[in-house]
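Student: Sharing a structure below in structure tokens format, with a few things to ask.
The values are calculated or read from the model by the stated rules, or taken from the named source; none is laboratory data. What you see is a predicted model, and the numbers here were worked out from it, not measured in a lab. When we count neighbours, we look across all protein chains shown, and the Cβ atoms used for this are built from the backbone with ideal geometry, even at glycine. These area figures cover heavy atoms from the full protein model, side chains too; ligands, DNA and RNA do not enter into them. Shrake-Rupley method; radii C 1.70, N 1.55, O 1.52, S 1.80 Å.
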Amino acid sequence: MSKKYSYIGIAFIILLFGIYTVPKVVDRFKDTGLHTFNKVPDFEFIDQVGQTITNKTYKGKVYVVEFFFSTCPSICPLMNQKMLTIQDAFFGNPEFGIASISITPEIDTPEILKEYAKANGITHKNWHLLTGKSEEIVYALSNQGFKLYAGKGDADHAGFEHSGLFALVDKEGNIRSRRDEFGNPIMFYRALQEQTFPDQIKELKEDIKLLLNE
């Protein structure tokens with residue numbers, strides 16, 4: 001009888017161990033494998049409808065960040081076309097958002113950005129076109145906070161320049177990205193084709209889905 005009870009006891013311990021470890025295994029399989037960078041620094045802007053928008057507005061949401069300006073004659077219209085496909089892919093999803101931050105806040109008033117949104121098909125309720133701070137603050141956020149270049153440029157770019165890349169942010173406010181074939185994090189996603197390198201919009205959409213399910 002003692003051996004019987006001993007076997008029962010061992011089986012019970014194994015059962016408990018299984019119950020405890022299975023969720024851990026499941027959690028590990030849920031890991032997206034996306035690299036985590038620094039947290040997005042605090043920011044506060046006004047959007048196209050006059051709302052105050054901060055990094056806390058996006059808490060609990062996966063979102064894409066870009067720097068742009070409404071009078072950009074070169075890459076902005078092309079970037080906007082790509083961002084519209086992302087909007088459409090996640091339209092109506094309350095856990096997804098986009099932050100388009102103007103690098104010409106003196107020009108891009110909320111009224112201007114509202115017209116820009118209307119003219120360019122921007123309709124997702126969590127797509128905020130952001131303005132209201134000085135150029136210096138915006139440049140610091142772009143160059144130091146996100147590591148996405150923005151600054152003064154030549155006449156071909158209406159006097160301003162910015163990166164043609166999108167940043168991906170998770171629900172906790174961390175900048176995330178996938179890794180390349182060598183295991184190195186790509187950090188950002190190309191919005192446009194660069195020479196022989198294609199854009200990375202397909203990859204970005206895939207990784208948004210991964211983060212939405214985290």
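Student: Scan segment 119-133 and give yes if some residue there is farther than 25 Å from Thr57 by Cβ, small (Gly, Ala, Ser) and either open to solvent by 80 Å² or more (accessible area, probe 1.4 Å) or in contact with a Ser or Thr (Cβ under 7 Å, 6 or more places away or on another chain) (or both), otherwise no.
Tutor: For segment 119-133, residues farther than 25 Å from Thr57 by Cβ, small (Gly, Ala, Ser) and either open to solvent by 80 Å² or more (accessible area, probe 1.4 Å) or in contact with a Ser or Thr (Cβ under 7 Å, 6 or more places away or on another chain) (or both): absent.
Student: Could you please find all residues in segment 48-73 being among the small types (Gly, Ala, Ser) and touching a strand residue (DSSP E or B) at 6+ places or on another chain (Cβ under 9 Å)? Walk me through how you get there before you give the answer.
Tutor: To start, the set of residues in segment 48-73 that are among the small types (Gly, Ala, Ser) comprises 50, 60, 70.
Result: Ser70, single match.
A quick yes/no check of all residues on (1) open to solvent by less than 30 Å² (accessible area, probe 1.4 Å); (2) touching a Leu at 6+ places or on another chain (Cβ under 7 Å); (3) modelled with pLDDT of 95 or more:
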| residue | (1), (2), (3) |
| --- | --- |
| Ile14 | no, no, no |
| Ile19 | no, no, no |
| Val22 | no, no, no |
| Asp27 | no, no, no |
| Asn38 | no, no, no |
| Phe67 | yes, yes, yes |
| Gln81 | no, no, yes |
| Gln87 | yes, no, yes |
| Glu95 | no, yes, yes |
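Student: If you go through segment 74-98 one residue at a time, how many are touching a strand residue (DSSP E or B) at 6+ places or on another chain (Cβ under 6 Å) and on the phi > 0 side of the Ramachandran plot?
Tutor: 0
Student: Is it fair to say Phe90 is touching a helix residue (DSSP H, G or I) at 6+ places or on another chain (Cβ under 7 Å) and closer than 21 Å to Val62 by Cβ? Before the answer, list the steps.
Tutor: Numbers: touching a helix residue (DSSP H, G or I) at 6+ places or on another chain (Cβ under 7 Å): yes; closer than 21 Å to Val62 by Cβ: yes.
So Phe90 passes the test.
Student: Grab the strands (runs of 3 or more DSSP E) fully contained in segment 46-132, keeping just those with 2 or more residues being in contact with a Pro (Cβ under 7 Å, 6 or more places away or on another chain).
Tutor: Per the criteria, no element qualifies.
Student: Does Glu106 satisfy the condition of being surrounded by 11 or more Cβ atoms within 10 Å (Cβ to Cβ) and either over 21 Å from the mean Cα position of the chain (by Cα) or modelled with pLDDT of 95 or more (or both)? Quick ask: steps written out before the conclusion?
Tutor: Values: surrounded by 11 or more Cβ atoms within 10 Å (Cβ to Cβ): no; either over 21 Å from the mean Cα position of the chain (by Cα) or modelled with pLDDT of 95 or more (or both): yes.
Judged against the criteria, Glu106 is not a match.
Student: If you check Glu172, Glu181, Glu206, which single one turns out to be assigned to a helix (DSSP H, G or I), open to solvent by 30 Å² or more (accessible area, probe 1.4 Å) and either without any contact (Cβ under 8 Å) to a residue 40 or more places away in the chain or out of contact with any strand residue (DSSP E or B) (no Cβ under 7 Å at 6 or more places or on another chain) (or both)?
Tutor: Values: Glu172 fails: assigned to a helix (DSSP H, G or I); Glu181 fails: assigned to a helix (DSSP H, G or I).
Within the list Glu172, Glu181, Glu206, the selection yields Glu206.
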